[in-house]
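Contents: one structure, followed by commentary.
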Amino acid sequence: MMKQILFILVWKDKMGVMLMWMHNEDKSEPVITAKKHIDSSHKGGKMTKLPPKAVVFCMGCAMEYLKENYNAKVITKKVPKFIGTSECLAIEGHPNVCFVHGGYGSPAIADTVETLVALGVKDIILIGLCGGFSDKVNVGDVIIPNMILSEEGTSLHYYESIQFINQSASMVLKGASYFSQYFKTYQLNTVTTDAVYRETFYKENYWRTMGWVAVDMESSALLSVSKYYGIEANVILLVSDKHPISQEDEKWKWGSLDFDNILKDFINHSIKYSMDDD
């Protein structure tokens, strides 16, 4: 019978003990890589090399908006990701930028980043949604986080220990400079979780006391995997809903009367932002 081994992380904080699954002494190769998966998916044929910059949407309507409002062309109908699939689009006249759907949750976004890197991408912008749990932000605000608390498990397969992941200051300032022209824009810290139904009132109160203001499901993993491969990454989030502060408060507030228009405006400016220096 194989001996069961429990790897316990030596780092602790007020939230308790975390497990780790990546070890610095492990120099072996992964059993499967994105490149191997791409090659097997295409039976040895060559997959189209993608432009150097990729915009990754983690929302359902962005790719359709792009096709309906821009002169978009299909680079490939199927980005060969391991989890799910997405077409890859570009805009006529902007050959250095492509657009894909990144999926939902940390495993999916890590798969997307791995695949994009294997196809030649060097710069990734995540355009996503988040839920606010602080009075500092409201539905329709944009957050470009300086620091993200990682409460997802994917990043611990890339680093022996990780609690926070930072965006580069230059990318934060660049994003804030652009989006503040069109939205209330904040450089505040956020959280990434992979357990939607375990965002308890106790936990969100703890997050607030530490200065975090909103939560999503992809950002810390995207930054962690991007950092692992040494590529530039930028996270830009739109607050789509507000959580109740306590169990006695009103119910969850999703969107607003004009949120559909706000979302379309956010997608539009995200596309323009990605092409700003193209």
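The values are calculated or read from the model by the stated rules, or taken from the named source; none is laboratory data. These figures come from a predicted structure and were not determined experimentally. Please note: Cβ atoms are built from the backbone with ideal geometry, for glycine as well, and neighbour counts cover all protein chains shown.
I'd like the residue in the stretch 102-147 that is in contact with a Gly (Cβ under 6 Å, 6 or more places away or on another chain) and not hydrophobic (A, V, I, L, M, F, W, C) and, out of all such residues, is surrounded by the fewest Cβ atoms within 10 Å (Cβ to Cβ). Of everything passing the filter in the stretch 102-147, GLY103 is surrounded by the fewest Cβ atoms within 10 Å (Cβ to Cβ). Is it fair to say GLY60 is farther than 23 Å from LYS272 by Cβ and part of a loop (DSSP other than H, G, I, E, B)? No; evaluated as a whole, the condition is false for this residue. For the stretch 57-78, the set of residues classified as within 18 Å of GLY103 (Cα to Cα) and in contact with a helix residue (DSSP H, G or I) (Cβ under 6 Å, 6 or more places away or on another chain) consists of ALA62, TYR65, listed by residue number.
Among the residues examined, GLY60 qualifies as modelled with pLDDT under 90 and within 23 Å of the chain's Cα centre (by Cα).
Would you confirm, using the coordinates I've provided, whether ASN205 is out of contact with any Pro (no Cβ under 9 Å at 6 or more places or on another chain) and crowded, with 17+ Cβ neighbours inside 10 Å? Before the answer, list the steps.
Details: out of contact with any Pro (no Cβ under 9 Å at 6 or more places or on another chain): yes; crowded, with 17+ Cβ neighbours inside 10 Å: no.
Spelling it out, it is not the case that ASN205 is out of contact with any Pro (no Cβ under 9 Å at 6 or more places or on another chain) and crowded, with 17+ Cβ neighbours inside 10 Å.
Being crowded, with 23+ Cβ neighbours inside 10 Å and small (Gly, Ala, Ser) is true of SER150. Taking the condition of being free of Cβ contacts under 8 Å to residues at least 40 places away in the same chain and among the aliphatic types (A, V, I, L, M), how many residues in the stretch 124-171 meet it? The total comes to 1. Just one of (1) hydrophobic (A, V, I, L, M, F, W, C); (2) exposed (fewer than 15 other Cβ atoms within 10 Å of the Cβ); (3) under 22 Å from GLU114 (Cβ atoms) fails for TRP252. It is (3). Restricted to the stretch 63-86, and to residues there that are of a type in the set (Phe, Trp, Tyr) and in a loop (DSSP other than H, G, I, E, B), the residue that is surrounded by the fewest Cβ atoms within 10 Å (Cβ to Cβ) is PHE82. For the stretch 125-154, give me each residue that is more than 20 Å from ASN268 (Cα to Cα), in contact with a helix residue (DSSP H, G or I) (Cβ under 9 Å, 6 or more places away or on another chain), assigned to a strand (DSSP E or B) and of a type in the set (A, V, I, L, M, F, W, C). Listed by number, the residues that qualify are ILE148, LEU149. Entry remark, the stretch 168-192: residues being at pLDDT 95 or above and either part of a strand (DSSP E or B) or polar (S, T, N, Q) (or both) number 10 in total.
So which of TYR273, TYR206, TYR202 ends up being part of a helix (DSSP H, G or I), at negative phi and without any contact (Cβ under 8 Å) to a residue 24 or more places away in the chain?
On the way: TYR273 fails: without any contact (Cβ under 8 Å) to a residue 24 or more places away in the chain; TYR206 fails: without any contact (Cβ under 8 Å) to a residue 24 or more places away in the chain.
Sole residue among the options that is part of a helix (DSSP H, G or I), at negative phi and without any contact (Cβ under 8 Å) to a residue 24 or more places away in the chain: TYR202.
So in the stretch 211-230, with the set limited to residues that are of a type in the set (D, E, K, R) and either out of contact with any helix residue (DSSP H, G or I) (no Cβ under 8 Å at 6 or more places or on another chain) or at pLDDT below 95 (or both), which one is nearest to ILE125 (Cα to Cα)? Steps first, please.
Going residue by residue through the stretch 211-230, those that are of a type in the set (D, E, K, R) are 216, 218, 227.
So of that shortlist, the ones also either out of contact with any helix residue (DSSP H, G or I) (no Cβ under 8 Å at 6 or more places or on another chain) or at pLDDT below 95 (or both) come out as 216, 227.
Values: ASP216: 15, LYS227: 13 Å.
Among residues in the stretch 211-230 that are of a type in the set (D, E, K, R) and either out of contact with any helix residue (DSSP H, G or I) (no Cβ under 8 Å at 6 or more places or on another chain) or at pLDDT below 95 (or both), the one nearest to ILE125 (Cα to Cα) is LYS227.
Entry remark, the stretch 245-270: residues being closer than 16 Å to CYS61 by Cβ, assigned to a loop (DSSP other than H, G, I, E, B) and modelled with pLDDT of 80 or more number 1 in total.
Close contacts from the stretch 99-123, counting a first residue that is assigned to a helix (DSSP H, G or I) and a second that is of a type in the set (Phe, Trp, Tyr), with Cβ to Cβ under 7 Å and a gap of 6+ residues or different chains, come to ASP111/PHE82; VAL117/TYR229.
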